[in-house]
Amino acid sequence: MSAETDVLIVGGSVAAIRAAEAISRHAPAVRVTMVSDEPHLPYERPPLSKTALDGTLDLSALTYPSVAGLREHGVEFVTDTRVTSLDVESRTVSTTAGDITYGAAILATGCEPIFPPMFRQLPDVFVLRRFQDAVALRAAVADRRKSVAVIGAGFIGGEFAATLATVGRPVTIVDLATKPLGRFGDPVASEYAALHRDSGVTLVLGDAVTGVEDAEPGRVLRLASGATVPADVILLGIGVRPSTGWMENSGLTLDNGVVCDSTLRAADGVYAAGDVVTWPNGRFGATMRIEHWTNAAEQGRAAGINAANAVTGLAPIDCVTVPYFWSDQHGVRIQFSGFLRGDEEIIECPGPGGSLYLYAGGDTLHGVLAFERRAEFVKIRAMLRRETTVGAARDILSVGA
């Protein structure tokens, strides 16, 4: 491992790899070192919850194709090495393999899953964030006699439940919320719940897990209502926290992530990208932290350019994005684009081939969510790159009708 580098990237996420790609393109003479605590080279994570159970999780196929080219161009990948602290003044990080000094750093450590104490010492309890998590989880559910419970009705849990249901495996989703995806409004919550129920997934909503008990014929979750749910295998999908513990004595401002300015700058010579970042997004005039793949990729590119510019003496660029996510469940693609403040009017737009919802703040379009309706969604998503009206979005739907 090099003891010094021009740009140090901490993490092996999509934000990290996009940052390295951007530096390689825009400043090929800049030396780049990427340090990750994973034993593997950077790889795609969305397939971990989407790949069918009869498909193979091939790490080599998941590894980002650009890795080979980046290595040829001199990017150094340091794996199985944890960064333990950051000294902003001396531009030095300490790692389990020694110290590294840098000209600029990019923090792309993402989030870590919430793992409540009641589950920590139990067998066959999983989170799904890394390749080894997915391998172990798939091995645990290979025995069709084992019951499966997913705690949390978000997208990771929903995708894995859909994967099980596709092959006829019984699975139960438990969530404290009475309405899954409730922040997108009652119509979306109802449609999402119906999608799962109609596909054979059991939903237990509005009930809390109070314990885990061994029973006959197998383990169960004990709920606050007194009900039980079969749970030989448990997948936790109850949320994540920004991975900032190692930064606590760095001098960086930490508040729901690493607080950055519009250029993703956290301190002199320090940038951040991905799920770990809280920053002012000029497109919506709001400070936000986004936990989605596309945002991480876009921020990684911007942070890479700005870190390289910091080393070469060029001006930084602002990071302006339109949040977007997608999720494939039960053969249906669910997509959202935009930013919701929580007081929007929800406009249902019936049409063939699926459902589409517009989120309006007065006459201004704040977002769009669709179950299928892919072509129309793509057009409205493109419109959201700049401020647009609800009427303009409706015109798109009228043309497509």
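Here, each number is a calculation from the coordinates, and none is a lab measurement. No experiment lies behind these values; they were computed from the predicted model shown. Note: ideal-geometry Cβ built from the backbone for every residue, glycine included; neighbour counts use all protein chains shown.
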Length-normalised contact order for the stretch 26-169 - Cα pairs under 8 Å, 6+ apart - percent
26
ARG394 versus ALA3, label points 7 Å from Cα toward the beta carbon: distance in nm?
6.8
Which whole-number percentage describes the relative contact order of the chain, with Cα contacts under 8 Å and a sequence gap of 6 or more?
16
Using +1 on the beta carbon of Lys and Arg, -1 on that of Asp and Glu, and nothing else charged, what's the dipole of the chain about the Cα centre, debye to 20?
620
Applied in sequence order to the stretch 79-84, the curve 6.51 cos²θ - 1.76 cosθ + 1.60 (Karplus, θ = phi - 60°) yields integer Hz couplings, x standing for Gly and Pro, of 9, 6, 9, 9, 7, 10
Using 0.36 nm per residue of separation minus the Cα-Cα distance, give me the extension gain between ASP58 and ASP186 in nm, one decimal.
42.2 nm
Row for the stretch 52-156, column shape: gyration tensor on C-alpha, a ≥ b ≥ c, rounded if a/c < 1.5 i.e. under 1.5, prolate if a/b over b/c, else oblate; value oblate
Would you mind pulling out the separation of the Cα centroids of the stretch 106-122 and the stretch 172-240, in Å?
20
Going by average Cβ neighbours within 10 Å, how do the peptides 112-119, 6-13, 158-165, 174-181 rank, with the highest at the top?
6-13, 158-165, 174-181, 112-119
Residue among PRO42, ILE346, VAL332 farthest towards the positive dipole end of the chain, charges placed on Cβ:
VAL332
Along the Cα→Cβ direction, 7 angstrom out, place labels at ALA68 and LYS379. What is the inter-label distance in nm?
4.0
Gain in length, GLU89 to GLN121, computed as 0.36 nm per residue apart minus the alpha-carbon separation, to one decimal in nm?
7.5 nm
FRET E, pair THR166, ARG386, Förster distance 45 Å, beta-carbon r, rounded to 0.05
0.70
Stretch THR294-ALA29 to full length: gain in nm at 0.36 nm per residue minus the Cα-Cα span?
92.7 nm
Along each principal axis of its Cα atoms, how long is the stretch 245-401 end to end? Whole angstroms, biggest number first, please.
54, 32, 28
Quick one: if you stick a label point 7 Å off each Cα along the C-beta vector at ALA139 and ILE347, how many nm between them?
5.2
